[in-house]
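Read through the structure below, which is laid out as structure tokens, and then see the notes.
The values are calculated or read from the model by the stated rules, or taken from the named source; none is laboratory data. As the structure is a computational prediction, the values presented were derived from the model and not from experiment. All Cβ positions, even for glycine, are placed from backbone atoms using ideal geometry, and neighbour counts span all protein chains on display. Keep in mind that these areas ignore ligands, DNA and RNA; they rest on the heavy atoms of the full protein, side chains included. Shrake-Rupley method; radii C 1.70, N 1.55, O 1.52, S 1.80 Å.
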Amino acid sequence: QVQLVESGGGLVQPGGSLRLSCAASVTISSIYAMSWYRQGPGNQRDLVGAIFIRGGMSTNYAPSVEGRFTISKDNAKNTVYLQMNSLKPEDTAVYYCNAKQYVDRVLYEYWGQGTQVTVSS
């Protein structure tokens, strides 16, 4: 069982920056991949980006955030971050952290509770 706790959301003006944190209850080196998703009002939950911790440390991002958002990790703190720069009103959403972990070849998926990000002047 993996518990995820997000933090760092809030209100920011267009063009501003925020850094979201996702703290895991287990050592993140045991996790296959950690991802950020977001869900805006009336929208489905969409992938923002992912870091493949046990997959060569590669990252990928949705085209809408490529070049503006960066995912990183701190093994000592068992935490993954989402640095968001040049924020736009359309980035307004609840942001969720997701972890995928293989145990005996079975994939388990875990979600955090979400943190609200509002981009508005």
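Residues are listed down the side, and each one gets a yes or a no for (1) under 17 Å from Tyr37 (Cβ atoms); (2) of a type outside the set (A, V, I, L, M, F, W, C):
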position	(1), (2)
Thr59	yes, yes
Val65	yes, no
Leu82	yes, no
Asn85	no, yes
Lys88	no, yes
Val94	yes, no
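Which of the residues that make up segment 87-97 are open to solvent by 20 Å² or more (accessible area, probe 1.4 Å), assigned to a strand (DSSP E or B) and not β-branched (Val, Ile, Thr)? Write out each step before concluding.
Keep residues of segment 87-97 that are open to solvent by 20 Å² or more (accessible area, probe 1.4 Å), which gives 88-90, 92, 94, 96.
This time we only want the ones that are assigned to a strand (DSSP E or B), so: 94, 96.
Once the filter is applied, which keeps residues that are open to solvent by 20 Å² or more (accessible area, probe 1.4 Å), assigned to a strand (DSSP E or B) and not β-branched (Val, Ile, Thr), segment 87-97 yields only Tyr96.
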Going through segment 98-121 in order, the residues found to be part of a loop (DSSP other than H, G, I, E, B) and either polar (S, T, N, Q) or open to solvent by less than 30 Å² (accessible area, probe 1.4 Å) (or both) are Gly112, Gln113, Gly114, Ser120, Ser121
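Could you run through segment 93-121 and say how many residues are among the aliphatic types (A, V, I, L, M) and under 10 Å from the mean Cα position of the chain (by Cα)? Talk me through it step by step, then tell me what you get.
Residues of segment 93-121 that are among the aliphatic types (A, V, I, L, M), as a first pass: 93-94, 99, 103, 106-107, 117, 119.
Those left that are additionally under 10 Å from the mean Cα position of the chain (by Cα): 99.
Selection size over segment 93-121: 1.
Would it be correct to say that Gln83 is of a type outside the set (Val, Ile, Thr), part of a strand (DSSP E or B) and at pLDDT below 95?
Values: of a type outside the set (Val, Ile, Thr): yes; part of a strand (DSSP E or B): yes; at pLDDT below 95: no.
It is false that Gln83 is of a type outside the set (Val, Ile, Thr), part of a strand (DSSP E or B) and at pLDDT below 95.
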Looking only at segment 64-117, which residues are touching a residue at least 24 places away in the same chain (Cβ under 8 Å), basic (Lys, Arg) and either within 21 Å of Gln3 (Cα to Cα) or in contact with a Ser or Thr (Cβ under 8 Å, 6 or more places away or on another chain) (or both)? Lys73, Lys77, Lys100
Can you tell me which residues in segment 60-86 are in contact with a helix residue (DSSP H, G or I) (Cβ under 9 Å, 6 or more places away or on another chain) and either surrounded by 15 or more Cβ atoms within 10 Å (Cβ to Cβ) or under 14 Å from Gly8 (Cα atoms) (or both)? Val65, Arg68, Phe69, Lys73, Asn78, Thr79, Val80, Met84
